[in-house]
Amino acid sequence: MMTTATPLASDLEARVAAVRPFSRFYTPLIGVFEEHYLKTSFSPTEGRVLYELAHREGVTATALAADLNLDHGYLSRILRRFGEAGLVAKKRAPDDARAKHWCWRIPSDAGASAR
């Protein structure tokens with residue numbers, strides 16, 4: 001059975017083909033897929049999680065896993081390590097006492113202006 005590409009699919013394929021050389025050239029240069037992103041001790045996935053937590057008031061692990069398309073167990077291990085390192089804290093959700101929100105923990109030496 002022969003399948004033909006729809007105009008929409010062929011347009012998408014053309015766009016992907018146009019971007020691919022750019023992506024393949026610059027991805028290694030900026031280190032996106034290096035084990036430790038931006039010369040930190042964090043993987044790119046851990047960096048994504050930290051970024052999201054730092055830019056949200058509070059979020060459940062379920063919502064974070066859905067937004068970042070992460071396995072719940074993997075995210076749970078990341079959040080546990082971050083909690084042990086003092087980077088994040090769990091707080092009771094204001095609208096549901098059973099739910100826990102994960103929040104970025106501002107270092108105590110950051111001063112009142114950072115809060």
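Tabulated values for the structure
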read-out: Förster radius 30 Å - calculated FRET efficiency between Asp71 and Leu29 (Cβ-Cβ, nearest 0.05); value: 0.55
read-out: Gain upon complete extension [Ala85, Ser10; 0.36 nm per residue less C-alpha separation]; value: 22.2 nm
read-out: Separation in nanometres of the label points that stand 7 Å from Cα toward Cβ, at Asp95 and Val19; value: 3.2 nm
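None of the figures in this text is laboratory data; all of them are computed from the coordinates on show. Source: prediction; values computed, not measured. A quick note on method: Cβ atoms are made from the backbone with ideal geometry, for glycine too, and the neighbour counts reach across all protein chains shown.
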